Amino acid sequence: MPFRAVKGMNDVLPEEVGRWQHLEATFRETVALYGYQELRTPIVEETQLFVRSIGEATDVVEKEMYTFERHRESLTLRPEGTAGAARAYVEHARQAKEPVSRLYYIGPMFRAERPQRGRYRQFHQAGCEVYGDKGPYGDAEMIGMLVDLLTQLGIGDLRVAVNSIGGAETRELYRLALLEYFMPQLAALSDHAQARLQINPLRLLDSKDPRDIAVAAGAPSILELLTPEDQEHWDGLRRALDALKTPYTVEPGLVRGLDYYTRTLFEVSSTAGDLGSQNALAGGGRYDAMVRGLGGPEVPAIGFAMGLERLLLAMPDSKPSMAPFCFFAPLGAAAAPTALALARELRERGFRAEVDGRGTSLKSQLRRADALGARLVVVLGESEIERQVAQVKDLAGHSQREVPFGQLAEELVMSLQSSVPSAERAP
Ligand code: HAM
């Protein structure tokens with residue numbers, strides 16, 4: 001059996017990589033306008049970091065982590081980026097350097113989920129985290145930035161769901177309200193939900209089991225229980241979203257699957273493109289207790305992450321971009337070294353050049369130049385080398401001329417400069 005990539009983990013082939021680069025570049029450019037700087041953390045962290053921050057009774061920690069032991073240490077491939085970012089923030093005492101840190105990351109994440117369209121075991125996230133801003137206006141700015149970014153990427157039919165799950169006091173009130181609601185219906189819940197109920201009844205609200213969904217449909221809304229401070233935060237968020245004209249829907253059932261959230265929660269989904277059922281493009285929220293919980297100071301935080309594979313499924317197709325370039329077709333042993341030297345001269349001047357090294361017929365070399373989308377082809381045969389000239393074919397203009405070696409580099413540069421770059425992408 002030939003080797004295959006691990007199930008749920010994908011290669012990104014050269015034909016697809018242009019769309020990835022376009023997506024990543026747009027993300028970097030947009031978040032830089034808001035003052036975010038890149039943070040790179042290791043892909044592997046201590047297992048306990050995720051257990052403590054994401055929460056024991058979550059799907060991610062219970063069944064999706066890639067955990068292994070080395071040198072008697074339990075390590076885990078990061079299932080998400082927030083815990084590592086907060087760990088780095090605390091470890092490097094960033095609060096002493098700047099009162100507000102705006103950080104972003106792009107990279108692979110790992111969750112042992114059941115693979116399907118839009119859901120993979122190695123997938124990629126681009127995420128933003130802000131430390132030191134307690135909101136709610138920064139929360140609205142972040143949601144607005146995310147929506148603008150997705151729109152700029154050409155993704156339509158967006159649905160922005162927001163909710164508040166309050167601070168610790170609100171959540172304790174809500175926990176009791178949920179226990180009171182679920183306990184009399186315990187028998188109607190899945191076994192898994194029954195086991196989780198005492199640990200964290202909030203998790204029952206995002207259960208995928210039809211029995212739990214049916215019971216949870218009638219559960220009380222947390223928005224009824226917000227403390228005055230949480231209510232003020234929630235009202236401020238909505239006022240700011242209205243001022244930004246960012247459309248949103250209040251979804252009191254939105255709890256998200258990670259235990260670290262406080263107050264603001266949001267998720268953006270879409271029905272565009274080939275998304276299918278895995279249509280959550282991005283999600284995030286406030287996690288004011290994490291930095292303190294990891295041994296750092298009292299620093300509020302908020303963030304989100306977007307799934308790059310899902311964005312690519314939702315984005316419209318764009319034309320691959322190609323810099324105008326020159327293809328060298330040497331014929332015979334004497335021509336090849338001359339072609340190598342000429343190609344290098346072009347590259348030194350910033351132009352892409354490729355030399356066909358296969359030693360095949362002119363016809364086959366021209367076919368390859370065409371397939372690659374070359375603008376110019378320089379044909380060097382034995383008689384040309386003898387006469388110190390080259391045949392320059394303009395594939396776009398369908399013309400051919402003979403150019404002496406002495407003028408060749410200059411002529412090629414001029415022609416390439418004048419050719420219309422096809423670098424602009426279709427929106
Ligand atoms: P999350 O909702 O678990 O949040 O993941 C964010 C996004 O990553 C999802 O909306 C989805 O697009 C993508 N995603 C998640 N799992 C998969 C998968 N198995 N395959 C493909 N894409 C996937 C977080 O990870 C939080 N760390 C977000 C955050 C940042 N909250 C605060 N700061």
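Values in this text are rule-based calculations from the coordinates and carry no lab data. It should be emphasised that the depicted structure is a prediction, and the values quoted were computed from it without experimental measurement. Positions of Cβ are generated from backbone atoms using ideal geometry, with glycine treated the same way; all protein chains shown enter the neighbour counts.
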Handout entry: Debye log10 I(q)/I(0) at q = 0.13 Å⁻¹ for the stretch 335-427, Cα point scatterers
Key = -0.43
Completion exercise
Distribution output for the stretch 34-118: share of Cα-Cα pairs per 5 Å bin in percent, first bin at 0, values 3, 13, 22, 21, 18, 12, 7, 3, 1
Practice task
Post the alpha-carbon centroid distance, the stretch 244-275 to the stretch 31-64, in whole angstrom.
Solution key: 19
Practice task
Starting with the fewest neighbours, write out TRP20, TRP234 ranked by other beta-carbon atoms found within 10 Å of each beta-carbon.
Solution key: TRP20, TRP234
Handout entry: For the chain, calculated [θ]222 nm from helices alone, where every DSSP H run of n ≥ 4 adds -39500 (n - 2.57)
Key = -11000 deg cm²/dmol
Handout entry: Set of the stretch 91-107 residues, backbone N closer than 19 Å to the point 7 Å along the Cα-Cβ line of LEU75
Key = 107
Fill in the blank from the handout: Going from the fewest other Cβ atoms within 10 Å to the most, one would list ASP230, ASP59 as ASP59, ASP230
Problem - Cβ-derived FRET efficiency at R0 60 Å, ALA214 paired with ARG358, nearest 0.05 - result: 0.40
Problem - Relative contact order (%) - the chain, alpha-carbon pairs under 8 angstrom, separation at least six - result: 15
Fill in the blank from the handout: At the level of C-alpha centres, the distance separating the stretch 179-203 and the stretch 141-163, in angstrom, is 34
Exercise for the section: State, as an integer percentage, the relative contact order of the stretch 264-407 based on alpha-carbon contacts under 8 Å between residues 6 or more apart. Expected result: 17
Exercise for the section: Whole Å is fine, so just give me how far the alpha carbon centre of the stretch 68-84 lies from that of the stretch 326-367. Expected result: 49
Exercise for the section: May I ask what percent, to the nearest 5, of DSSP beta bridges between residues of the chain are antiparallel? Expected result: 80
Practice task
Arrange GLU15, GLU410 by Cβ neighbour counts within 10 Å, fewest through most, would you?
Solution key: GLU15, GLU410
Exercise for the section: Excluding residues fewer than 8 places away in the same chain, name every one of the lysines whose C-alpha is closer than 23 Å to that of LYS363. Expected result: LYS393
Exercise for the section: Hey, can you grab everything whose amide H is under 5 Å from the amide H of TYR66? Only 5+ residues off in sequence or another chain; H modelled, so Pro and N-termini drop out. Expected result: LEU77, ALA112
Exercise for the section: Can you spot the lysines whose alpha carbon is less than 22 Å from LYS63's alpha carbon? Ignore those fewer than 8 places along the same chain. Expected result: LYS7, LYS208
Handout entry: Relative compactness, the chain, computed as alpha-carbon Rg over 2.2 N^0.38 Å
Key = 1.28
Practice task
Quick one: dipole size for the chain, taken about the Cα centre, charges +1 on Lys/Arg Cβ and -1 on Asp/Glu Cβ, in debye to the nearest 20.
Solution key: 920
Handout entry: For the stretch 195-203, Karplus couplings with θ = phi - 60° (6.51, -1.76, 1.60), whole Hz, Gly/Pro x
Key = 5, 7, 3, 6, 6, 7, x, 4, 5
